[in-house]
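The values are calculated or read from the model by the stated rules, or taken from the named source; none is laboratory data. The model shown is predicted, which means the values in this text are computed figures rather than measured ones. We place every Cβ from the backbone using ideal geometry, glycine too, and count neighbours over all the protein chains shown. Ligands, DNA and RNA are excluded from the accessible area calculation, which covers all protein heavy atoms including side chains. Shrake-Rupley method; radii C 1.70, N 1.55, O 1.52, S 1.80 Å.
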Amino acid sequence: MTLSARNQLSFSQRKLEKRVIRLTAQAITDFNMIEDGDRVMVAMSGGKDSYVLLDTLRVLQQRAPIRFEIEAVNVDQHIPAFPREALAAWLESTGVPYHIEDQDTYSIIQRLIPEGKNVCSLCARLRRGILYRVAQERGCNKIALGHHMDDIVGTLLLNLFYGGRMKAMPPVLRSDDGKNIVIRPLAYVREYETEKLAKARAYPLAGKGICGAGENLKRQEVKELIRSWDREFPGRVYNVFMSMQRVSPSHLMDRRLYDFDALAPVGADDASDE
């Protein structure tokens, strides 16, 4: 590679890094994800998104006008070939406090789910429960997950196509027991951006499909749909994403949100034109 090409690559990487940091800071600000004095637990799955998330929060921690702590937590589920040592070594090199929670959920899943059936749902529920418990034990009042815009749009489409409901991943979510708050600081970042950044930084990523289960076929279908939109209709994914922030209850059909007898939003004192 020529010197000019290397300089151009370096410039492109710096530009991408600045964009991801800016978008993350914007999402945190827009939805008040992190407040002064928060202790944020960053869930490290070993995938590209969690690495990018942790690195970005490290930068923002130094620049933000508020003070907050971060701690990285990985749940070692005993999945064969998971690069635990490489992840631990990388975390050690960052200087960020970290904890690896040893929980053999892999054996539980193998025992409960018949061979050939999708295990992702059960695996995610078990991991989420562990993260909630560990956050309480380690004094963290926020749990940061690495879900990005593609994940949010993809979940909306999955629920529309297969669940018959309008539901996605909110930027901030309080757990059912009220004890934990989940945040998604990468909500404004596209997946191709985390992919490029992870490749440039050469993170020790866990291999795709190391659990042997592969992705849910429906989620694969939605991911391919999103990729096809990016190729053929640039901007469509952003429009779908923005639609979740510009909702008109009076133009939908959910009586829990809009009183069609009073012609007013549920809970409103007076009817209003929308």
Query raised in the report: Hey, among the residues in the range 27-62 that are assigned to a helix (DSSP H, G or I) and more than 15 Å from the chain's Cα centre (by Cα), which one's farthest from residue 188 (Cα to Cα)?
Result: 62
**Report entry** Residue count for the range 22-46, restricted to those that are closer than 26 Å to residue 86 by Cα and open to solvent by 20 Å² or more (accessible area, probe 1.4 Å)
**Finding:** 2
Report summary line: Checked pairs for the range 229-240, first in contact (Cβ under 8 Å) with a residue 40 or more places away in the chain, second aromatic (Phe, Trp, Tyr), C-beta under 9 Å and 6 or more apart or across chains, list as 237/229; 240/229
Requested in this report: Filter the range 71-108 for residues that are touching a residue at least 60 places away in the same chain (Cβ under 8 Å) and either more than 14 Å from residue 43 (Cα to Cα) or among the small types (Gly, Ala, Ser) (or both) and give the result.
Outcome: 79, 80, 81, 82, 83, 86, 89, 90, 106
Query raised in the report: Does residue 79 count as more than 22 Å from the chain's Cα centre (by Cα), surrounded by 16 or more Cβ atoms within 10 Å (Cβ to Cβ) and over 16 Å from residue 147 (Cα atoms)?
Result: no
Requested in this report: Select from the range 151-169 the residues that are closer than 22 Å to residue 31 by Cα and surrounded by 14 or more Cβ atoms within 10 Å (Cβ to Cβ) and write down the one among them that is farthest from the chain's Cα centre (by Cα).
Outcome: 156
Report summary line: residue 130: passes all of (1) open to solvent by less than 20 Å² (accessible area, probe 1.4 Å); (2) free of Cβ contacts under 8 Å to residues at least 60 places away in the same chain; (3) within 16 Å of the chain's Cα centre (by Cα) but (3)
Query raised in the report: In the range 170-203, which residue that is open to solvent by 40 Å² or more (accessible area, probe 1.4 Å) and in a loop (DSSP other than H, G, I, E, B) is modelled with the highest pLDDT?
Result: 170
Query raised in the report: Can you name the condition, by its number, that residue 135 falls short on among (1) among the small types (Gly, Ala, Ser); (2) more than 29 Å from residue 228 (Cα to Cα); (3) loosely packed, with under 15 Cβ neighbours inside 10 Å?
Result: (3)
